[in-house]
């Protein structure tokens, strides 16, 4: 028999299977609104479109996520055109209350550089310490209740009217801008160039960070692990064609002149993988909690070395100190044995 095709569930099916009470009613009601207005979400984590461009994104948590967890990400290209309507209808708090603020001002993960929050004027109100990774053209609203769903629908109707009155070429241009970011020089010219990690590290790192990464690369090679280019700033560490972790070098942006080791969560629920309790605590400390900063989806619940985590983001060792490098090495060796 051939491989069985995995059926992709409709958003209504995901809600019916995993939600209850008011959350179920509110989510199903919002999906019904999208369908009746010819803006159906493609699947439970994809976009709805209006006039050929994205207008919102529906994100629904499944069985592996926090119960009744869902979000609506609104993509408003013309909000400046109906600011007065928003204020007169008293809808501004729906937007202001959904702004993501800087978690700490020193980065969301240990040793991760951060320029701190920034000031933005939104609907005439100056807001300070807004997360720089918070999308500038979208608003993400988590777990909206009945009243908030009704307010979201009003906002979508304002945006639809503004798009109806906009020149088609202008709307298309705004959509292209929303889906792209300002390119940096290396990505624009060399995104497909397969460079050695040592060469890129020499371009962007210096001092102790360069020395630490160089020594880590030598350790990888001495342990007969493979280090291969995966994208313009990342390399995969593999053993017998099995990926164990990634190494990334940040050359531009808020995290410039940094490097990090990134692990996925495969087998980290096995407490026996690391026996050293001190190293387990280092792993827990380097798991960033989700702050909804980048508009990504609903996070899964996870158990990592016996500790239950409700809403974890990624396991990254940013600019690791010697003890964190040692922890990463032990994780690599443990994962290789699996």
Report summary line: If you go through 62, 90, the only one that is in contact (Cβ under 8 Å) with a residue 24 or more places away in the chain and not in a strand (DSSP E or B) is 62
Query raised in the report: Out of the residues in the stretch 32-49 that are outside any loop (DSSP other than H, G, I, E, B) and surrounded by 19 or more Cβ atoms within 10 Å (Cβ to Cβ), which is modelled with the highest pLDDT?
Result: 34
**Report entry** Enumerated strands (runs of 3 or more DSSP E) restricted to the stretch 228-336, each holding at least 1 residues that are modelled with pLDDT of 90 or more, under 22 Å from the mean Cα position of the chain (by Cα) and within 24 Å of residue 201 (Cβ to Cβ)
**Finding:** 234-239, 242-250, 258-263, 312-318
Report summary line: residue 18 meets each of (1) surrounded by 14 or more Cβ atoms within 10 Å (Cβ to Cβ); (2) touching a helix residue (DSSP H, G or I) at 6+ places or on another chain (Cβ under 8 Å); (3) modelled with pLDDT of 90 or more with one exception, condition (2)
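Which is in a helix (DSSP H, G or I) and modelled with pLDDT of 85 or more, of 156, 171? Lay out the reasoning, then the answer.
Details: 171 fails: modelled with pLDDT of 85 or more.
Every option except 156 fails the conditions.
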Report summary line: (1) in contact (Cβ under 8 Å) with a residue 24 or more places away in the chain; (2) within 17 Å of residue 64 (Cβ to Cβ) all hold for residue 274 apart from (2)
Query raised in the report: Taking the stretch 76-98 on its own, how many of its residues are in contact with a strand residue (DSSP E or B) (Cβ under 6 Å, 6 or more places away or on another chain) and at pLDDT below 90?
Result: 1
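The values are calculated or read from the model by the stated rules, or taken from the named source; none is laboratory data. Being a predicted model, the structure only gives us computed values, none of them experimental. Virtual Cβ from ideal backbone geometry, glycine too; neighbours counted across all protein chains shown.
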